[in-house]
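The values are calculated or read from the model by the stated rules, or taken from the named source; none is laboratory data. Here the structure is a predicted model, which means the values were calculated and not measured. Glycine also receives a Cβ, built like all others from the backbone with ideal geometry; neighbour counts cover every protein chain displayed. These area figures cover heavy atoms from the full protein model, side chains too; ligands, DNA and RNA do not enter into them. Shrake-Rupley method; radii C 1.70, N 1.55, O 1.52, S 1.80 Å.
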Amino acid sequence: MGNGDLNWIVNFIWGIADDVLRDLYVRGKYRDVILPMTVLRRFDAVLEPTKQAVLEMKASLDKSKVIHQDQALRQAAGQAFYNTSNFTLRDLKARASRQQLKSDFEAYLDGFSPNVQDILENFEFRNQVPRLSKADALGSLIEKLLSPDINLSPHPVKKADGSIKLPGLDNHAMGTLFEELVRRFNEENNEEAGEHWTPRDAVKLMAQLIFLPIVDKIESGTYLLYDGACGTGGMLTVAEETLQNLATPHGKQVATHLYGQEINGETYAICKADLLLKGEGDAADNIVGGPEHSTLSNDAFPSREFDFMLSNPPYGKSWKSDQERMGGKKDIKDPRFVIEHADDPEFSLITRSSDGQMLFLANMLSKMKHRTKLGSRIAEVHNGSSLFTGDAGQGESNIRRWIIENDWLEAIVALPLNMFYNTGIATYIWVLTNRKPEQRKGTVQLIDATQWFKPLRKNLGKKNCELSDEDIQRICDTFIDFKDTEQSKVFPNKAFGYWKVTVERPVRIKGIEPDRVYSAKEIKTLKERSERAEDAPPVIKKIHKKGTKPDPLRGLFEVKIDGKPVVMEYEPDSELRDTEQIPLLEDGGIEAFLQREVLSHVPDAWYVPDSVKTGYEISFTRYFYKPKPLRTLEEIRTDILALEKETEGLLEEIIGK
C-alpha cells in the first residue's frame, strides 16, 4: 500500500474525530478516544478469522479447569493477543439500544487478553465509555470505523467479481498509519509533544550515529535494543529498521528484540499498541510502563544487558519522588547510581533532585555488554545542563568523570536550536561505546551542527527547523571522518577535567602574641571578639614535632620561635577562603598553577590536599564561539550622521519654536 492510500485512511480517521467528537471533547482531547478506538478496530479485524476457534478453545480450557490459559488462547488466535467475548465490533454495530450497546461494548473490552487490557487501562479508555454512551456517540464511532470506505483489516476487501476493492493493510502499513495519527495528535498538542515525541529527524540521526561506525562489523545474529524512556517507541522502531537496512546490503541476517520502559501511561499504551499492530507481540511484552514503573526507582530490566541503546530522557524534571521511594538521597544503594570508581567503593552518581536526566544515562551505562566483540553503543539526547551542571564531586560531574575516565564518550553533537516541539533550548546527542576504535581512544569529538538544518514552512510549536537527509549525512560524515575542522574538534579526555582546590589564608588578628600557640577555644573567642587586619600577625594553631619537614604550599610553615626553627600551622580564615579550578592538563599540575596564579599575589596562602576534588565539564561555547567583529569607526560615524539628519528640526517642533 502506497503512502497516498495510507494518508487517505489517516485523513478519514481524522475526519471521524471531527464528525463525532466535535461538541463532546475539546480538540486536544480527541486522541483519548480516537487512538484506542483505532487500535480496537485493527485488533478486531485481525482476530475476526479465528474468533470461533478462540471461543471453542476458551470453552475447552474452562471445562478442563485450566488456570493459565494465555498461551493456548494466543495459539488459537494465531496472534499475540485475543478476545474471548462473544462479540465483534460488527455485532455491536447492530445494537439499537444505547444502554445495551454500552453493556455489550464493556463486555467486549473485558474479553481482551491481558496485554490489551494493559493498553486499555493505560489509555484510561474505559473512563470515556460512559461519556460516549451518554452522548450517543459510541455507536457512531463504531459505525464509522466499520465504514466500507476504509479497510483496517490485513485481508483485502473484494468486489462481487473477485477483484480487489480495498487492499489489505499489513502490519507494517498499520504501524505506519498509527504512528502518523500519533504524530498528528502530538503536533496538534504541540505544547506537550516534546514530552514523549522526539522529532523523527533527530531519531534518524541518533540511529545512524549508533550503527554507521560499526556497519562492517555487524554479524548475523540477534541484537537487543533498549530505551529507558521509550515514550511512544519511535526510537526503538527506527533503530530496528535502520539496523535491518544497514545489515541487509552486507549480506547479514539480523534479528532484534526491543525492550523499553515508560512512566507515562498513555504513551506507554501507544507504544505497546503500536508494536502489537505491527505484529511484534514479543517486543510488546518487553515494553513495561505505567505510573508505577519509573525507570529510576523501579528498573524493569535489572539483569539485562543490551547491544544498542537510545533515549531522550526528560530534561529538568524533578525525580524527588523516585529519590524518596529509593530511601532518600543518603540511603540510595542502587548499584546503577552508587558504584566503585577512582578507588572509591561508594562513588556517587546521584544528581540534584530537581533534574534526573543524567541518571537515565547512568542507567544505560549499567546495562552495557562487556564480554562481546561489539560491546554496546549508546545515543542519548540531553540539554546543555548535562555538559556542565554540578560541581566537582557532585553527581552530574561524577557521571561525566566516570564516563570520560572509562573512555566511553565518543562524541557530542550540538543540534540546531528549536528542533524540538515544546522547547527552544540547546540540545545535544551524546554518543558512547565501550569498544572505541583505536584512533578514537583517549579522545572526545565535539561537533557543532547548530547551523546544519532546513527551515520548516510552518512552525510546529517551537519547532521551526528540521534535519534534512543531507544534514544527517553531513553530520555522520563529520563524525566518521574524525578530523579537526571548523565544526569538529577532537580533544584528549583530560581536556575536560579539572581539580577543584581549596586555598586558605591565615586569620590575622590585632593584639595577639605572634609566637604563641592558641587553643581551639581561644581561637573561637578571638574570631568572635577581636579585630582582623591584613597587617596583623597570623594566629598559630599548632606546632609540629621536631623533624617535620616544612611545606608552605600545604600549610606547613617554618618560623623561628625563641630563636629556634619550628614547623607550624596557622588557623585558616574562612572569610578569605577561596577555590581554584585547575585544568588536569596544567603543565606542572596543582603546585605550578598555585605558584604562578596565587602565591605571586598572596604569599601566605596554602592549599588543603584532602580537599582536592576532580571534576569534569564540557563547554561548547569555549571551543566554537565566534565573537562578532566590532564595527569600524567609519560605520559608527556614518550612523550617527544619519541619525542627526533624521532628527533635524524635531527639537524645535517639540518646544514650539
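For the chain, with all protein chains present and a 1.4 Å probe, just round the carbon and sulfur fraction of the accessible area to a whole percent.
Answer for the chain: carbon and sulfur cover 48 percent of the accessible area.
Give the relative contact order (percent, whole number) for the chain; include only Cα pairs under 8 Å separated by 6+ residues.
Values: 1061 pairs, mean separation 61.4, N = 657.
Across the chain, relative contact order equals 9 percent.
Expected output is a single nm value to one decimal: the length gained when fully extending between residue 164 and residue 321, i.e. 0.36 nm times separation in residues minus the C-alpha distance. What is it?
So the chain would gain 50.9 nm between residue 164 and residue 321.
Looking at the chain, what % of its DSSP beta bridges pair antiparallel, to the nearest 5? Before the final figure, lay out each step's value.
On the way: 51 of 73 bridges.
Beta bridges within the chain, antiparallel portion: roughly 70 percent.
Kindly flag which residue pairs out of 93/165; 330/542; 217/436 have an alpha-carbon separation exceeding 24 Å in this structure.
Going by Cα-Cα distance, 330/542 fall outside the 24 Å limit.
Using a Förster radius of 45 Å, what is the FRET efficiency between residue 157 and residue 480 based on their Cβ-Cβ separation? Nearest 0.05, please.
Details: r = 48 Å, r/R0 = 1.06.
After rounding to 0.05, the efficiency reads 0.40.
To the nearest 10 degrees, how steep is helix 171-188 against the longest Cα principal axis of the chain, on a 0 to 90 scale?
The angle comes out at about 60 degrees.
Computed FRET efficiency, Cβ-Cβ of residue 303 and residue 630, R0 45 Å: what is it to the nearest 0.05?
0.15
Run the dipole for the chain about the Cα centre, Lys and Arg Cβ at +1, Asp and Glu Cβ at -1, nothing else charged, and hand back the magnitude in debye, nearest 20.
Computed charge dipole of the chain: roughly 1080 debye.
Are there GluC sites (Glu not before Pro) in the range 564-612 that DSSP marks as loop and that have at most 13 other Cβ atoms within 10 Å, and which are they?
575
Give 367/500; 524/560; 521/549; 441/483; 252/483; 51/134 a once-over and call out the pairs whose C-alpha atoms are over 23 Å from each other.
367/500; 524/560; 521/549; 252/483; 51/134
Please compute, over every Cα-Cα pair in the range 205-274, the percentage with a separation greater than 20 angstrom. Walk me through the intermediate numbers first.
Details: 758 of 2415 pairs.
Counting pairs separated by more than 20 Å, the tail of P(r) holds 31 percent.
Packing-wise, with mean Cβ within 10 Å as the measure, how do 46-56, 147-157 rank, highest first?
Ranked by mean Cβ neighbours within 10 Å, highest first: 46-56, 147-157.
Using packing as a proxy for protection, rank 130-141, 626-637 so that the peptide with the highest average count of other Cβ atoms within 10 Å comes first.
Going from most to least packed, we get 130-141, 626-637.
Which whole-number percent is the relative contact order of the range 25-127 (Cα, under 8 Å, 6+ apart)?
Details: 72 pairs, mean separation 29.6, N = 103.
Worked out over the range 25-127, it gives 29 percent.
Taking amide H positions as placed 1.01 Å from N in the peptide plane, with prolines and chain starts having none, which residues 5 or more places from residue 517, or on another chain, fall under 5 Å of its amide H?
Under 5 Å from the amide H of residue 517 lies no amide H from a residue far enough along the sequence or on another chain.
For the full complex of protein chains and a 1.4 angstrom probe, list 8, 499, 606 by accessible area with the highest value first.
8, 499, 606
What Kirkwood radius, in Å to one decimal, follows from the Cα pairs of the range 513-657?
So the Kirkwood estimate lands at 21.3 Å.
How far is helix 98-110 tilted off the main Cα axis of the chain, in degrees rounded to 10, range 0 to 90?
60 degrees
Quick check on packing: order 237-248, 425-436 by the mean number of other C-beta atoms within 10 Å, highest mean leading.
Output ranking for 237-248, 425-436: 425-436, 237-248.
So which aspartates and glutamates pass the test for residue 527, namely a Cα distance under 12 Å, with those fewer than 8 places away in the same chain ruled out?
In chain and number order, the partners are 571, 573, 575.
Could you compute the net charge surrounding residue 510? Neighbours are other residues with a C-beta less than 10 Å from the C-beta of residue 510; K and R count +1, D and E count -1.
Around residue 510, the charge tally is 0.
List the pair-distance distribution P(r) of the range 1-100, using every Cα-Cα distance, as the percent of pairs falling in each 5 Å bin from 0 up to the bin containing the longest distance, rounded to whole percents.
2, 11, 15, 15, 16, 15, 11, 7, 5, 1, 0
Could you give the nm distance between label points at residue 253 and residue 65, where each point is 7 Å from its Cα heading toward the beta carbon?
Reported label-point gap for residue 253 and residue 65 is 4.6 nm.
With +1 on each Lys and Arg Cβ and -1 on each Asp and Glu Cβ, how big is the dipole of the range 480-521 about its Cα centre, in debye rounded to the nearest 20?
Working: 9 positive and 6 negative charges, 73 e Å.
The dipole magnitude comes to about 360 debye.
Anything over 28 Å Cα to Cα? Flag those among 204/320; 454/628; 272/329, in the order listed.
204/320; 272/329, as the Cα separations exceed 28 Å there.
Which of 53, 431, 139 sits closest to the plus end of the dipole of the chain, meaning its Cα is farthest towards the positive end, when Lys and Arg get +1 and Asp and Glu get -1 on the C-beta?
53
Determine, from the Cβ-Cβ distance of residue 88 and residue 425 and an R0 of 56 Å, the FRET efficiency 1/(1 + (r/R0)^6), rounded to the nearest 0.05.
It comes to 0.70.
If you plug each phi of the range 154-163 into the Karplus form 6.51 cos²θ - 1.76 cosθ + 1.60 with θ = phi - 60°, what whole-Hz ³J(HN,Hα) values come out, in order, with x for Gly and Pro?
x, 9, x, 9, 10, 7, 4, 8, x, 6
Take the Cα atoms of the range 441-496, find their three principal axes, and give me the spread along each one in whole Å, biggest first.
Cα spread of the range 441-496 along its principal axes, largest to smallest: 43, 22, 17 Å.
222 nm [θ] for the chain, helices only, -39500 (n - 2.57) per DSSP H run of 4+, per residue, to 500?
On the way: 25 runs with 253 residues, N = 657.
Mean residue ellipticity, 222 nm, calculated: -11500 deg cm²/dmol.
Would you mind checking which residues have amide H under 5 Å from residue 435's amide H? H placed 1.01 Å from N; only 5 or more apart, or other chain.
376
If you count only protein heavy atoms with a 1.4 Å probe, what accessible area per residue comes out for the range 14-91, rounded to a whole Å²?
48 Å²
Using amide H atoms built 1.01 Å from N in the peptide plane, name the residues 5+ places from residue 561, or on other chains, whose amide H lies under 5 Å from its own.
566
What number comes out for accessible area per residue over the range 496-618 if the probe is 1.4 Å? Units Å², please.
59 Å²
For residue 546, go through the aspartates and glutamates and keep the ones whose alpha-carbon is under 18 Å away, minus same-chain ones fewer than eight residues off.
515, 558, 562, 569
Starting from one equal scatterer on each C-alpha and no solvent at all, send me the Debye-based log10 I(q)/I(0) for the range 298-400 at q = 0.21 Å⁻¹, two decimals.
Normalising to I(0) and taking log10 leaves -1.25.
For residue 543 and residue 587, compute 0.36 nm times the residue count separating them, minus their Cα-Cα distance, and round to one decimal in nm.
Additional length available on full extension: 12.5 nm.
Gap in Å between the Cα centre of the range 236-286 and the Cα centre of the range 464-524?
40 Å
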